[in-house]
Amino acid sequence: MILISVQNVQKGFGAHEVLRDVTFSLQKGEKMGLVGVNGCGKTTLMRMLSGEELPDGGSIHKSKDLRIGYLAQIDDIALTDTVWGAMLRVFESVIALQERLRALEGDLALHTEDQQLTLRLSAEYHRLTEQFSSMEGYAYEGEIIGVLTGLGIGREMFGRAVATLSGGERTRLSLAKLLLQKPDVLLMDEPTNHLDLSAIEWLQTYLTEYKGTLLLISHDRYFLDHVCTTMGEMLMGRVLKFTGNYSAYMKKRTADFETRIKAYQLQQKEIEREQAIIERYRSFNREKSIRAAESRQKRLDKVERLEKPVEENHVRFSFDVRRRMGEDALEVKNLSKSFDGKPIFQDISFKLRTGDRVALIGPNGVGKSTLFKILMNRITPDTGAVRYGVNADVGYYDQHQQELNPENAVLDEVWNNFPLMEQSRVRGALGLFLFSGDDVFAKVSTLSGGERGRVALTKLMLRKDNLLLLDEPTNHLDMDSREVLEDALSDFPGTILAISHDRYFINRFADRVMVMNEDGVTEYLGNFDDYLEKRDRPAPPMDTAPEGATRTAIVKERKRDRQQSALLRELKAAVRKSEAAIEENERRLAELETRLAEPEAYADQARMLALTEEYGVEQSKQEGLYDALEQAEQAYQAALEQ
């Protein structure tokens, strides 16, 4: 059943056309993610679906009596209400019914001798009790508590006035109110903003189990993967719809683009062929041929022309190192830090070996960014020590881009860090990050958060450091830029330690997850999904000996864990090596195919024979290379599951 149908919707602001021909529908129970580059019109479309804005053209049809909930609409929470009182307003009809039932109970107790009145009151009480039960009236208080605590609003906040809440807390309260209203269609624009990891996990589970319909704008790809059943990509003012979650959409969009470009090219060839025939008929300059040309032209004019598919411009870059590092990359021992006498963290100890790819996660305020500033020698720890390995070149990405000079032009900001580099090379690097033409002369202060992030990444790429400390590197980047960053990091031959709340990013780059808290770090082998699996079936802490365990047994257990970590690194390296060998083999085969197709090869028999033999050798390697990759992946997976 279609709840919302959008047909040929157009919307512009002044001379700027945002939406040009948006057509799609939302089915009952469907959960659709909406993605696209910043500024492509996602929020504008959502505001039109909610009724806040009207389209310039086209139509939006909604089912009769459809209840739509839009997070941005919920601004009616009274500042004088308490948190609990604001949530009770959602259930005013339930509470009124509950009060009527209590009154009827009192009347029934008072009028036991009046049989006729008792019968009438009993009938009303029975009818209202059934209504109260169908409205799940007995559960509304528990439901409020569950939603509030799930979104990180603890019981200690229930009595606080809304006016005393921070902006982020009020946003979470608005989200709680929206969820408790249970509309037929939920419109959610970046609902995970202002939520910590545990609240995001709770909301993810809630929406997965939600029976209604959902349209969701989010940059959280892991969230989209686990919640959405369909995806819509806003591209060039239109919406392209795909079945499946985010990962399925990423696979299908490439195939879809290739299909559309092929259809466009075939049609263009057919049009050119028809036009050539028409011109040839006209060139005969006879009445019969002119009539035939006109007839063909009329048929050609009626053909519906396919629009040439156009992809948005995407960032493209890679990281490399200027020299190799020793076996040990970084060792941190017993770090602690306080501010104004208030402890932030203590007893932080861990070790990175060359080639490690580690994600650092933990609740907000635990001091992850402070730890990075200590590692970069920007802040002095109260206790502990930091030791880098031999030949360690440390590159740091600051999520706030505080190292950028706002008064510099983009070109100068990068060039000042690499004064010996030719300007053409600096501009070429900026071009990889979509800064072209006069864009390079814009002041840093005028850039958006995403553009400043791309400037910082340009500088980091050119440095060629072998140890990268990345503080929320995917913040402010659009979806495609995040994908390219992950691809670049997957090919990076150095060591990575990254703070991130982006679970999809962690899954793609990390082979170890460190969870930071006030008293230290807990390490988990594998990516984010592996961490979740192990967290949800926790093993005894390493410092807590099982009953009867000796000190020697504990030491042996720790040694086995270290050996397991080393084995995983070795097996992961073997997988990467096999993948690289296959890529080189495929590149060489493509090169030989090109050379074999050259006319010069046919003219030189000896050259043709040599190329053919080399091609055969490369082909014979393929099966063995793929077998080696499969064995390496199986060995790595088996080690992870131990």
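The values are calculated or read from the model by the stated rules, or taken from the named source; none is laboratory data. All of these numbers come straight from a predicted model, not from anything done at the bench. FYI the Cβ positions are ideal-geometry reconstructions off the backbone, even for glycines, and counts take in every protein chain you see. For the accessible areas, the whole protein counts, side chains as well, though only heavy atoms, and no ligand, DNA or RNA atoms are used. Shrake-Rupley method; radii C 1.70, N 1.55, O 1.52, S 1.80 Å.
Some values worked out for this structure:
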quantity: Restricting region 439-456 to residues that are modelled with pLDDT of 90 or more and within 24 Å of the chain's Cα centre (by Cα), the residue that is least open to solvent (accessible area, probe 1.4 Å); calculated: Val455
quantity: Neighbours by Cβ (under 7 Å, 6+ apart or cross-chain): first from region 123-141, on the phi < 0 side of the Ramachandran plot and touching a residue at least 40 places away in the same chain (Cβ under 8 Å); second of a type outside the set (A, V, I, L, M, F, W, C) and open to solvent by 60 Å² or more (accessible area, probe 1.4 Å); calculated: none
quantity: Qualifying residue in region 164-175 (condition: without any contact (Cβ under 8 Å) to a residue 40 or more places away in the chain, in contact with a Ser or Thr (Cβ under 8 Å, 6 or more places away or on another chain), closer than 20 Å to Asn364 by Cα and not hydrophobic (A, V, I, L, M, F, W, C)); calculated: no
quantity: Residue count, region 497-535 (criterion: in contact with a strand residue (DSSP E or B) (Cβ under 7 Å, 6 or more places away or on another chain), assigned to a helix (DSSP H, G or I) and either buried (at least 22 other Cβ atoms within 10 Å of the Cβ) or in contact (Cβ under 8 Å) with a residue 24 or more places away in the chain (or both)); calculated: 5
quantity: Wholly within region 347-438, helices (runs of 4 or more DSSP H) carrying at least 3 residues that are modelled with pLDDT under 90 and either under 27 Å from the mean Cα position of the chain (by Cα) or more than 27 Å from Arg569 (Cβ to Cβ) (or both); calculated: 423-432
quantity: Which numbered condition Ala199 misses (of (1) modelled with pLDDT of 90 or more; (2) under 25 Å from Thr230 (Cα atoms); (3) touching a Lys or Arg at 6+ places or on another chain (Cβ under 9 Å)); calculated: (1)
quantity: Pair list, Cβ under 7 Å, 6 or more apart: region 326-340 residue outside any strand (DSSP E or B), other residue hydrophobic (A, V, I, L, M, F, W, C) and open to solvent by 20 Å² or more (accessible area, probe 1.4 Å); calculated: Gly326/Val390
quantity: Hits in region 245-272 (condition: over 20 Å from Glu307 (Cβ atoms), at pLDDT 85 or above and assigned to a helix (DSSP H, G or I)); calculated: Tyr246, Ser247, Ala248, Tyr249, Met250
